[in-house]
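See below for the structure under consideration.
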Amino acid sequence: MKANPGFSHQRMLVGNFTAAQKCLKAALSQARGSGFSISTSVVIHPLEKTDGGLTQVEERLFHELAAGAGASKVFVWVGAPLSDAEVISKIKGK
């Protein structure tokens with residue numbers, strides 16, 4: 001199986017911003033369903049290449065990526081995997 005070109009660079013999680021944003025935009029559109037124009041919150045949780053945390057550039061990349069794909073709120077999480085309840089808590093700002 002060929003890797004998505006938006007996520008294929010050996011040094012970075014996102015190697016092609018445009019391709020990654022197009023992929024995320026399609027996923028958000030599919031999740032919303034047709035005909036709906038709802039506010040969408042996105043939690044991005046990178047699982048690779050995060051030793052030492054994310055740089056300011058990487059964190060901004062994820063915010064810009066999701067905002068450009070149509071997200072109204074973006075949360076970038078680096079750490080242990082979140083449960084569904086923890087994701088909801090982050091979205092609601094608790």
- prompt: Out of the residues in the range 36-50 that are free of Cβ contacts under 8 Å to residues at least 40 places away in the same chain and outside any loop (DSSP other than H, G, I, E, B), which is nearest to the chain's Cα centre (by Cα)?
  reply: 44
- request: Among the residues of the range 1-26, count how many are under 21 Å from residue 72 (Cβ atoms) and either modelled with pLDDT under 65 or surrounded by 13 or more Cβ atoms within 10 Å (Cβ to Cβ) (or both).
  value: 8
Flag for residue 31 being closer than 19 Å to residue 88 by Cβ and in a helix (DSSP H, G or I): yes
- request: Determine which single condition residue 33 fails, assuming it passes every other condition in (1) exposed (fewer than 12 other Cβ atoms within 10 Å of the Cβ); (2) more than 16 Å from the chain's Cα centre (by Cα); (3) modelled with pLDDT of 85 or more.
  value: (3)
- line: Within the range 56-71, residues part of a helix (DSSP H, G or I) and either surrounded by fewer than 20 Cβ atoms within 10 Å (Cβ to Cβ) or β-branched (Val, Ile, Thr) (or both) come out as 56, 57, 58, 59, 60, 61, 63, 64, 67, 68
- line: Residue pairs qualifying under the 6 Å Cβ cut-off, at least six apart or on distinct chains, with the first in the range 51-72 being among the hydroxyl-bearing types (Ser, Thr, Tyr) and the second being surrounded by 14 or more Cβ atoms within 10 Å (Cβ to Cβ), are 72/40
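The values are calculated or read from the model by the stated rules, or taken from the named source; none is laboratory data. Only a predicted model underlies this, so the values are computations on that prediction, with no experimental measurement involved. With ideal geometry, Cβ positions are generated from the backbone for all residues, glycine too; neighbour counts draw on all protein chains shown.
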